[in-house]
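The values are calculated or read from the model by the stated rules, or taken from the named source; none is laboratory data. Only a predicted model underlies this, so the values are computations on that prediction, with no experimental measurement involved. So basically every Cβ, Gly included, is an ideal-geometry build from the backbone, and we count neighbours across all protein chains shown. The area values use the complete protein model at the heavy-atom level, side chains included, leaving out ligands, DNA and RNA. Shrake-Rupley method; radii C 1.70, N 1.55, O 1.52, S 1.80 Å.
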Number of protein chains: 2
Amino acid sequence: MTSQQELLDTLAQVARALGNGHRLALLERLAQGDASVETLANTTDLTVGNASQHLQHLRRAGLVTAQRSGKQVIYRLTDERIVNLLGLLRQVAETNLAEMERLVSRLFAEDDADGVLEAVSRDELLAGLVSGEVALLDVRPAEEYEAGHLPEAINIPLEQLEDMLGKLPLDREIVAYCRGPYCVLSHEAVQRLRQLGYRVRRFEEGYPEWKAAGLPIE
Amino acid sequence: MTSQQELLDTLAQVARALGNGHRLALLERLAQGDASVETLANTTDLTVGNASQHLQHLRRAGLVTAQRSGKQVIYRLTDERIVNLLGLLRQVAETNLAEMERLVSRLFAEDDADGVLEAVSRDELLAGLVSGEVALLDVRPAEEYEAGHLPEAINIPLEQLEDMLGKLPLDREIVAYCRGPYCVLSHEAVQRLRQLGYRVRRFEEGYPEWKAAGLPIE
DNA sequence: CCATCATTCTATCAATTCATTGAATGATGG
DNA sequence: CCATCATTCAATGAATTGATAGAATGATGG
């Protein structure tokens, strides 16, 4: 066994840690912010024991670290670049696997026929923020908003959307964002707000990608 | 099973395709240029049948495509970004797994004590090329050089290094490169040329990374 | 159309992975 | 120190993966 092969095997071990849907879900949750095993188990629909086991796996691959805090063990991503890694994996998969396209279009099934709901790219969003023509709306649960959010974003969790319309500006276009490209919260929010007559589009990425790109957060 | 979960499972399937040392070796070879099953099997020390099986796996994950050319089947990477994906995987692994550091340092074991052999970064190399202060040396086999190489690079395969010293300029620093960060060819070349008194360092990446970054090739 | 070569397919076995269950560990509050 | 809660460990069985060997397919040159 050459060093070369051992090196590739070690890399393969890291890739294998990414090779399970539940573990990817755990990583995506951790990209929103650190969390305890129980929190992680709840948000990913795993039993605590099972979640713990997957977290150990991710830890052996160097993707997460654990830190005891009182009774709980808090997990976190070891490296901001893991978000980039997942993003690149997603891009490659979307471009080259027909299956992915099918699933993505089904996820956003109720999409618009006119193309008016086209998502806002990162560059476009940055331009809109700089010029002050855009207001940001964070539709994630308050807990995730508080763990970190885009600058000057207003938080209205999706469930309370209709109750808190007063917080939305009427003089600017609204851009809604949530957890990432596959998160349906902002998509749903855009649908509902458009029906109410708001000028609103959705950000094509989410909070973790924004943060991993080194852009400012609050 | 929600769409969300199916999406992550599909992503996981792609990651799993990366989760095997032999398949990573195949991808690294393909990053140098397209190749037939037999060529791939030879350069990765696999039996043809086994290589074919792994290539099918990569194909199902959308990472490679196959095209018949006469008697042979030629495989190629579906996407230039796969090189970036592998690079990012490598970076994350190197930063967060102690095991990786150990293996990398062993791979380049005969390294210098003085730090004079410090590798040249991409930006540094670009600056050197623009100012004309640097000459490029490609130490890969002629076949790989011909499939594509950095602009104005001289090709001297490592085995013929001492026979073709005449092709090397004496008035500029030489930067040697080969297949990628874990390829030892350029490292070995630098060792030997330094002993002969040449002013030479090694490029910290390789041909595939250069190409994937969209930089010019010949 | 036959012989040959490159590749893929099929079947098999050993090894690994994953979910589940229940026991063990470790920290906290009384 | 004991009871409780959060997490991890250990054992089991089902499913998947990987290597090997040999048969089957598909293209080419005579």
The conditions are (1) over 21 Å from the mean Cα position of the chain (by Cα); (2) away from DNA strand D (no atom under 11 Å from the Cβ), and A:Q5 fails exactly one of them. Which is it?
(2)
Scanning segment B:1-30 for residues that are within 9 Å of another protein chain (Cβ to nearest Cβ) and in contact (Cβ under 8 Å) with a residue 40 or more places away in the chain, the one farthest from DNA strand C (Cβ to nearest atom) turns out to be B:E28
Return yes or no: is A:M164 among the aliphatic types (A, V, I, L, M), assigned to a helix (DSSP H, G or I) and buried (at least 19 other Cβ atoms within 10 Å of the Cβ)?
no
Do any residues in segment A:56-68 that are part of a helix (DSSP H, G or I) have Cβ atoms under 9 Å from those of residues that are open to solvent by 100 Å² or more (accessible area, probe 1.4 Å) and near DNA strand D (Cβ under 10 Å from one of its atoms), where the two are at least six apart or on different chains, and which pairs are they?
A:H57/A:R16
Count, please, the residues in segment B:201-213 that happen to be open to solvent by 40 Å² or more (accessible area, probe 1.4 Å) and without any contact (Cβ under 8 Å) to a residue 60 or more places away in the chain.
0
Scan segment A:80-91 and give yes if some residue there is within 14 Å of DNA strand D (Cβ to nearest atom), part of a helix (DSSP H, G or I) and either surrounded by fewer than 19 Cβ atoms within 10 Å (Cβ to Cβ) or without any contact (Cβ under 8 Å) to a residue 24 or more places away in the chain (or both), otherwise no.
no
Only unsatisfied item for B:G33, checking (1) open to solvent by less than 60 Å² (accessible area, probe 1.4 Å); (2) within 9 Å of chain A (Cβ to nearest Cβ), is (2)
Selection status of A:R194, more than 22 Å from A:D79 (Cα to Cα), charged (D, E, K, R), in a strand (DSSP E or B) and at pLDDT below 95:
no
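Every residue, every condition in (1) touching an Asp or Glu at 6+ places or on another chain (Cβ under 9 Å); (2) under 25 Å from A:L40 (Cα atoms), yes or no:
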position	(1), (2)
A:V104	yes, yes
A:A119	yes, no
A:D123	no, no
A:L129	yes, no
A:P157	yes, yes
Every residue in segment A:36-55 that is open to solvent by 20 Å² or more (accessible area, probe 1.4 Å) and more than 10 Å from DNA strand C (Cβ to nearest atom), please.
A:V37, A:E38, A:T39, A:N42, A:T43
Across segment A:56-79, which residue is nearest to A:A31 (Cα to Cα) among those that are surrounded by 14 or more Cβ atoms within 10 Å (Cβ to Cβ) and within 9 Å of DNA strand D (Cβ to nearest atom)?
A:Y75
